[in-house]
Amino acid sequence: MSDEISRVDEVHLRRCVELATQALENGDDPFGSVLVDAEGATLAEALNREQSDRDPTAHPELALVRWAIAHRTSSSSGCAVGSASEASRLRASAST
């Protein structure tokens with residue numbers, strides 16, 4: 001297994017960071033996630049909403065699991081969840 005990430009993976013990880021930044025701007029902890037299929041197409045995305053929703057289970061990866069349960073069949077396979085935290089939380093917090 002290679003330690004290098006593909007261009008597609010990089011695009012998805014960058015989107016996770018964008019979502020994490022948006023979560024932080026909304027007053028939540030900076031976490032974002034995307035759900036992709038086996039071909040690398042984005043199926044759904046979510047950001048942390050623990051504070052916004054006042055729900056300690058409002059993590060983005062759990063939101064994507066809920067989405068997958070509602071929208072995917074049991075025969076669906078090959079999906080992956082990518083998640084990221086906003087890399088520079090201190091800097092982002094200082095600029096708000």
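The values are calculated or read from the model by the stated rules, or taken from the named source; none is laboratory data. Quick caveat, the model's predicted, so the values are computed rather than measured. Here the Cβ is made from the backbone with ideal geometry for all residues, glycine too, and neighbour counts use every protein chain on show.
Numbers for the structure displayed
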item	result
Close pairs from segment 11-22: first among the polar types (S, T, N, Q), partner surrounded by fewer than 20 Cβ atoms within 10 Å (Cβ to Cβ) and assigned to a helix (DSSP H, G or I), Cβ under 8 Å, at least 6 apart	Thr21/Ala92
Any pair with Cβ under 8 angstrom, 6 or more apart, that starts in segment 74-90 at a residue that is closer than 18 Å to Glu45 by Cα and modelled with pLDDT of 65 or more and ends at one that is basic (Lys, Arg) and in a loop (DSSP other than H, G, I, E, B)	Cys79/Arg72
Residue list for segment 1-39, restricted to those being of a type in the set (Val, Ile, Thr) and either assigned to a loop (DSSP other than H, G, I, E, B) or at pLDDT 90 or above (or both)	Ile5, Val11, Val17, Thr21, Val34, Val36
Within segment 40-56, considering residues that are part of a strand (DSSP E or B) and of a type in the set (Gly, Ala, Ser), the one nearest to Glu18 (Cα to Cα)	Ala46
Selection count where residues are closer than 29 Å to Ser77 by Cβ, of a type in the set (Gly, Ala, Ser) and surrounded by fewer than 18 Cβ atoms within 10 Å (Cβ to Cβ), scope segment 1-57	5
